[in-house]
Amino acid sequence: MQVYVHEQGAVVRKKGGLLRITKGKDTLKELPLMKVQQLILVGNVQVTTQAGKYMVNQGIDVVFVTTTGTFNYRYDKSETKFADLRRQQINLCNNPQRSLEIARQIVIGKINNQRVVLARRAEEDRKAAAALRGMMDMLKQVERAADLDQLRGFEGKAAAFYFDGVRTFFPRQWGFRKREYHPPPDPANSLLSYAYTLLLKDVKTRLHIVGLDPSFGFFHALADNRPSLALDLMEEFRPAISDIVVLTLVLNRELTLDDFDTTNEAGMPVYLSKAGREVLIAAYEDRLSDQIYHPMAQGETAYRNVIEHQARQMRWVVEGRAVDYEPIQLR
């Protein structure tokens, strides 16, 4: 059983064979310790020494994350809790054919979700319709890619078509020509980059929770300081979460050019204001609460849970419990 504790100021205790969660004099929850496999503590939640020692000795995974969803640390009796899992992950990353198979599914999922984002726009805008046709041509090429380099090339071309269509969502005065991110040169790119940063943070945390190393991925090349697996896993969620949030805010004029500041600095020519960031973060959190069907939940569940389900599915692939990685699909 996986147990989340969100209540700020709560204390996790051990009472006989029970895990007891209290706040002040109130008991919020009690459940049998023998059923607990993982305890995830969010924000200002404490664990008594007795409870912490017991859970470490029993191999119960205790994970601490911030209220904004960033992984902090975990209780672990040793540094080898996930040694075999990491070995399997690295071995799979070093298998070119299996890496290609997994990466292909990741890219197919991403392009299909991008297609849904553009589909309605394409009904009324010729440029969006042309971008959509280009994406679907690249999707056919993705399905035939012979190696990872080819796959990355086709994905890159599909992304260029996609953002050519996304441009049509933005008023002309936003100056959005194409996707650029080192650094974002205009308000549209700045907004997209910030939304992707929020998403990457949540994906990395979910990978840590399920025990995978965010650094060793299949589609994105391995490099120092690059969370390749996190970047892999977030691909299907870019259009499903971040892009939908950004485009909705722009179309509804909840964010305008007045929410951006410009500088003369080459490293950050434009950035989202504090008030603008608050609007974006609130909209992003609302999107994470939206419900979508997921087979692991046996019904509808919030997107924030879906990210974790997908991370857990990736672990099953690494462990050999599943052959294919199945991305979520927008309808």
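The values are calculated or read from the model by the stated rules, or taken from the named source; none is laboratory data. In this text, all values refer to a predicted model and were calculated from it rather than measured experimentally. Please note: Cβ atoms are built from the backbone with ideal geometry, for glycine as well, and neighbour counts cover all protein chains shown.
General observations
- Only a single criterion out of (1) under 21 Å from I244 (Cα atoms); (2) acidic (D, E); (3) over 21 Å from the mean Cα position of the chain (by Cα) is not satisfied by D147, namely (1).
- Long-range neighbours under 6 Å by Cβ, at least six apart or interchain, first residue closer than 23 Å to T168 by Cβ within the range 228-252, second charged (D, E, K, R) and in a helix (DSSP H, G or I): E235/K110; E236/K110; I241/R287; V245/R287
- Residue among D224, D258, D213 that is in a loop (DSSP other than H, G, I, E, B), without any contact (Cβ under 8 Å) to a residue 60 or more places away in the chain and among the charged types (D, E, K, R): D224
- So Y271, is it of a type in the set (S, T, Y) and part of a helix (DSSP H, G or I): no
- Neighbours by Cβ (under 6 Å, 6+ apart or cross-chain): first from the range 156-174, in the same structural domain as A128 (by TED's automatic domain parsing) and crowded, with 18+ Cβ neighbours inside 10 Å; second of a type in the set (A, V, I, L, M) and not in a helix (DSSP H, G or I): none
- Residue check, D232 in the same structural domain as E180 (by TED's automatic domain parsing) and either surrounded by fewer than 16 Cβ atoms within 10 Å (Cβ to Cβ) or over 20 Å from the mean Cα position of the chain (by Cα) (or both): no
- Candidate set from the range 278-331 (those that are more than 25 Å from D213 (Cβ to Cβ) and part of a loop (DSSP other than H, G, I, E, B)); member that is modelled with the highest pLDDT: D290
- All conditions but one from (1) over 30 Å from H220 (Cβ atoms); (2) surrounded by 13 or more Cβ atoms within 10 Å (Cβ to Cβ); (3) in contact with a strand residue (DSSP E or B) (Cβ under 6 Å, 6 or more places away or on another chain) apply to F71; the one that does not is (1).
- Taking the numbered list (1) outside the structural domain of A158 (by TED's automatic domain parsing); (2) in contact (Cβ under 8 Å) with a residue 24 or more places away in the chain; (3) of a type in the set (S, T, Y) in turn, S99 passes all entries but (1).
- Residue among A146, A122, A129 that alone is modelled with pLDDT under 95 and either aliphatic (A, V, I, L, M) or on the phi > 0 side of the Ramachandran plot (or both): A122
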